[in-house]
There are 2 protein chains.
Amino acid sequence: MMVIALGGNALVRRGEPAEMKLQRHNVERAVNAIAGFASSQSLVITHGNGPQVGLLALQSEACATVKPYPLDVLNAETEGMLGYLIEQALCNRLPRRKVVSLLTQVQVRADDPAFTQPSKPIGPLYDIEQAGRLNELYKWTVARDGRGFRRVVPSPEPLAILELQAIKVLLDAGAVVICAGGGGIPVVDRGAAC
Amino acid sequence: MMVIALGGNALVRRGEPAEMKLQRHNVERAVNAIAGFASSQSLVITHGNGPQVGLLALQSEACATVKPYPLDVLNAETEGMLGYLIEQALCNRLPRRKVVSLLTQVQVRADDPAFTQPSKPIGPLYDIEQAGRLNELYKWTVARDGRGFRRVVPSPEPLAILELQAIKVLLDAGAVVICAGGGGIPVVDRGAAC
């Protein structure tokens, strides 16, 4: 069994805008690179979502209609979006393989210290003035990333993948399984285990 | 085998804003109503996404950073978001059942007449002035819906569910399967069948 992880920069390159046309192009390029493995192996594909979840957060803040959605929900949205793009590109490239995308939750600890020390950069690069404005406007934590600044969010330690059994069932049935995008949707166990 | 369809109005009631807190509450209420069936039956759950996909389209238009994403991609995002909310609520209510959400594409015809006759209302209700502005600003088709106006989008006839085999595999393994949200992500076959 093989696991391939497509990094966020394979889907939106550093400094590129997260345009859909560009992402489709980048996804196709990434899929071409892995198609050789995908044609015969038992394969799981996972992917980053930094640029995409950052964009959804920006869009969510920009539209005054409703309060911005929290990051777990936005992560679920990116699993839908990127799962779809990767699944479609891989199906087009390898029409004989079954490819599916499964929503994936990962269990984390509510008291993980990462929640008070945001470290994972998401969304576009900003200059120092823009970064200061976003910090003031939305209370985002921003941090230096290369030559610019980006929003940083908590990246808690994953303890368990809640859909592990279903992933195995789908692999056993011969499907390529796309899952755990963006590291999975972080959830905490408050006593009702799934 | 039982199929339960949660209508868009079960998740965001008519006239309600699509706030996340309200949606979580409505999803929990809907899940409480179906939990009796879910505890023992072989069960597929599907759901509408009109208010949610409309909100994502508004957000996508409101943020000038990148061009608005097309409706197939936004539909995939809502499958992620609503799949997550329903899966989580059902897991909390029935901790012994496995519940999974599978991204679902439905094949449609590129020349389906629905593409030139948008009929499916999405997003919030507008008054006649707002509707006129949106039509002018975004070139949206708007139509009367009850006492107000809403954006309408094409609703092509579904021909096939591309992930049908995987849905069956998951059902056979004893999972409740959430799929085909928003009617599924509409795709056309240009010769490379998945």
| said: For the pair A:I161/B:R29, report the inter-label distance in nm, with labels modelled 7 Å from Cα in the Cβ direction. | reply: 3.6
| Across the residues of A:65-75, average count of Cβ atoms on other protein chains within 10 Å? | 5
| request: Report, in debye and to the nearest 20, how large the dipole of the protein assembly as shown comes out about its Cα centre when Lys and Arg carry +1 and Asp and Glu carry -1 on their Cβ. | output: 120
| task | Using only C-alpha atoms and all pairs of different ones, pull out the Kirkwood radius for the protein assembly as shown in Å with one decimal. | result | 21.3
| query | Ignoring ligands and nucleic acids, what accessible area does B:Y138 show with a 1.4 Å probe (Å², nearest 10)? | reply | 60
| query | Using a simple charge model, +1 on the beta-carbon of Lys and Arg, -1 on the beta-carbon of Asp and Glu, nothing else, what dipole does the range A:82-181 show about its Cα centre, in debye to the nearest 20? | reply | 380
| task | Would you kindly calculate the mean projected area, averaged across all directions, of the convex hull enclosing the Cα atoms of the range A:106-147, in square nanometres? | result | 3.9
| field | Dipole of the range B:41-146, positive direction: furthest Cα of B:Q88, B:T116, B:W140, with charges on the beta-carbon | value | B:Q88
| Where a ≥ b ≥ c are the square roots of the eigenvalues of the C-alpha gyration tensor, would you call the range B:1-125 rounded, which needs a/c under 1.5, or, failing that, prolate if a/b is larger than b/c, or oblate? | prolate
| Rounded to 5, percent antiparallel among DSSP beta bridges of chain B | 45
| query | Using Cα atoms only, what is the angle between the long axis of helix B:20-38 and the major principal axis of chain B, expressed in degrees (0 to 90) to the nearest 10? | reply | 40
| Between helix B:128-138 and chain B: long-axis angle, C-alpha atoms, 0 to 90°, nearest 10 | 90
| query | Which loop trypsin sites (Lys or Arg not before Pro) in the range B:135-194, with loop taken from DSSP, have no more than 10 other Cβ atoms within 10 angstrom of their Cβ? | reply | B:K139, B:R147, B:R190
| said: Using amide H atoms built in the peptide plane, which far-off residues or other-chain residues are under 5 Å from B:L43 H to H? | reply: B:M2, B:V177
| Once the Cα atoms of helix B:50-62 and of chain B are each reduced to a long axis, what angle between those two axes, in degrees from 0 to 90 to the nearest 10, is obtained? | 50
| Treating the beta-carbon of each Lys and Arg as +1 and of each Asp and Glu as -1, no other charges, what is the dipole magnitude of the range B:1-93 about its Cα centre, to the nearest 20 debye? | 280
| For all pairs of alpha-carbon atoms in the range A:68-136, what percent lies in each bin of width 10 Å, listed from the first bin to the last filled one? | 14, 31, 30, 19, 6, 0
| remark: Looks like the range A:141-194, by Cα gyration tensor root eigenvalues a ≥ b ≥ c and the a/c under 1.5 rounded cutoff (else prolate when a/b is bigger than b/c, oblate otherwise), is oblate
| request: Pairs to check: A:K67/B:K120; A:K21/B:K168; A:K120/B:K67; B:K98/B:K168. Give those whose C-alpha atoms are more than 23 Å from each other in this structure. | output: A:K67/B:K120; A:K21/B:K168; A:K120/B:K67
| message | Students sometimes get this wrong: rank A:E136, A:E79 by accessible area, probe 1.4 Å, all chains present, largest first. | response | A:E136, A:E79
| task | Would you compute, from DSSP H runs of 4+ residues alone, the mean residue ellipticity of the protein assembly as shown at 222 nm, taking -39500 (n - 2.57) per run and dividing by the full residue count, rounded to the nearest 500? | result | -13000 deg cm²/dmol
| query | In the range A:101-141, which residues become less accessible by 30 Å² or more once every protein chain is in place, relative to the chain on its own, using a 1.4 Å probe? | reply | A:S101, A:L102, A:L103, A:Q105
| said: Over 5 Å intervals from 0, what percent of Cα-Cα pairs in the range B:1-52 sits in each interval? | reply: 5, 20, 29, 21, 14, 8, 3
| task | Treating each Cα of the range B:64-194 as an identical point scatterer and ignoring solvent, apply the Debye formula and state log10 I(q)/I(0) at q = 0.11, 0.15, 0.19 Å⁻¹. | result | -0.53, -0.88, -1.13
| task | Would you mind getting me the FRET efficiency between A:R13 and A:I128? Use the beta-carbon distance for r and R0 = 22 Å, nearest 0.05. | result | 0.45
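The values are calculated or read from the model by the stated rules, or taken from the named source; none is laboratory data. Values in this document were obtained by computation on a predicted structure and should not be read as measured data. Quick reminder, even Gly has a Cβ in these numbers, built from the backbone with ideal geometry, and neighbours come from all protein chains shown. Calculation scope for accessible area: heavy atoms of the full protein, side chains included, ligands and nucleic acids excluded. Shrake-Rupley method; radii C 1.70, N 1.55, O 1.52, S 1.80 Å.
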